[in-house]
Amino acid sequence: MRTFIAIDLDPEIKKAISDFLRRLKKLGSSNIGWIKVQGMHLTLKFLGEIDDAQASQVKELIEDATRSSKTFLLKLKGTGFFPPNPKCPRVLWIGTVSEAALLELQERLESRLEGLGFSRENRPFHPHLTLGRVKNPSGLGDIIAEFEKAKEAELGEMTVKRITLFKSTLKPTGAEYTVLGESPLS
């Protein structure tokens, strides 16, 4: 099964993002595969394909890692794209304020997962929420302009109270996520 570890977002945050997405879609969206807001999350670590035994190990590891983590505030702020060239973006995203607690938790998970045989990411952790994947960069001028306007906008905040292990099932209509386990923060 294809899996990842993430922070699931509160309904209020999903509503704010949904409102922002609606504005973007009105500007023309046929060249972008937009995410489904109900499944929106902040990925801490993509694990890829694992079996049931590995899923059990990962759940235990997450429980252990969250025991020493306190709840913290997650603030969504700013927009951007990867790569950072407005002429050929591939991914459109909302950023976060880099809270030390978020970065420490992700590093703790990364380090412990490495002990289970999961490779470390080569790139530094850049916490973000993916809004859409660009299929073709032509005709995105209005959307890129809207992203530029919102690059410092505050888009909501929530208290992170738990970490979730998700299963991701890829379908023609987009990915569907199933919760495999949740671990509360202390």
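Mind listing just one residue for me: the one in region 36-66 that is farther than 14 Å from V179 by Cα and modelled with pLDDT under 90 and, of those, surrounded by the most Cβ atoms within 10 Å (Cβ to Cβ)?
V37
Can you find a residue in region 100-120 that is of a type in the set (A, V, I, L, M), farther than 26 Å from A55 by Cβ and free of Cβ contacts under 8 Å to residues at least 24 places away in the same chain? Can you show your working first?
Step one: of region 100-120, the residues of a type in the set (A, V, I, L, M) are 100-103, 105, 109, 113, 116.
Those still in the list that are farther than 26 Å from A55 by Cβ too: 100.
Subsequent filtering for residues that are free of Cβ contacts under 8 Å to residues at least 24 places away in the same chain retains 100.
Yes - at least one qualifying residue is present in region 100-120.
Of the residues R133, R123, which single one is surrounded by fewer than 16 Cβ atoms within 10 Å (Cβ to Cβ) and under 14 Å from the mean Cα position of the chain (by Cα)?
Of the residues listed, the single one that is surrounded by fewer than 16 Cβ atoms within 10 Å (Cβ to Cβ) and under 14 Å from the mean Cα position of the chain (by Cα) is R133.
Restricting attention to region 119-175, report how many residues are acidic (D, E) and more than 21 Å from L76 (Cβ to Cβ). Before you say what the answer is, go through the steps one by one.
Here is the first cut: in region 119-175, the residues acidic (D, E) are 121, 142, 146, 148, 152, 154, 157.
Restricting the remaining residues to those that are more than 21 Å from L76 (Cβ to Cβ) gives 121, 142.
Of the residues in region 119-175, 2 are acidic (D, E) and more than 21 Å from L76 (Cβ to Cβ).
Of everything in region 18-35 that's touching a strand residue (DSSP E or B) at 6+ places or on another chain (Cβ under 7 Å) and of a type in the set (A, V, I, L, M), which residue is surrounded by the most Cβ atoms within 10 Å (Cβ to Cβ)?
I32
Restricting the search to region 152-173, which residues are of a type outside the set (V, I, T) and surrounded by 12 or more Cβ atoms within 10 Å (Cβ to Cβ)?
Across region 152-173, the qualifying residues are A153, E154, L155, G156, E157, M158, K161, R162, L165, F166, K167, S168.
The values are calculated or read from the model by the stated rules, or taken from the named source; none is laboratory data. These numbers were taken from a predicted model, which means no experiment stands behind them. Note that we place each Cβ from the backbone using ideal geometry, even for glycine, and neighbour counts take in every protein chain shown.
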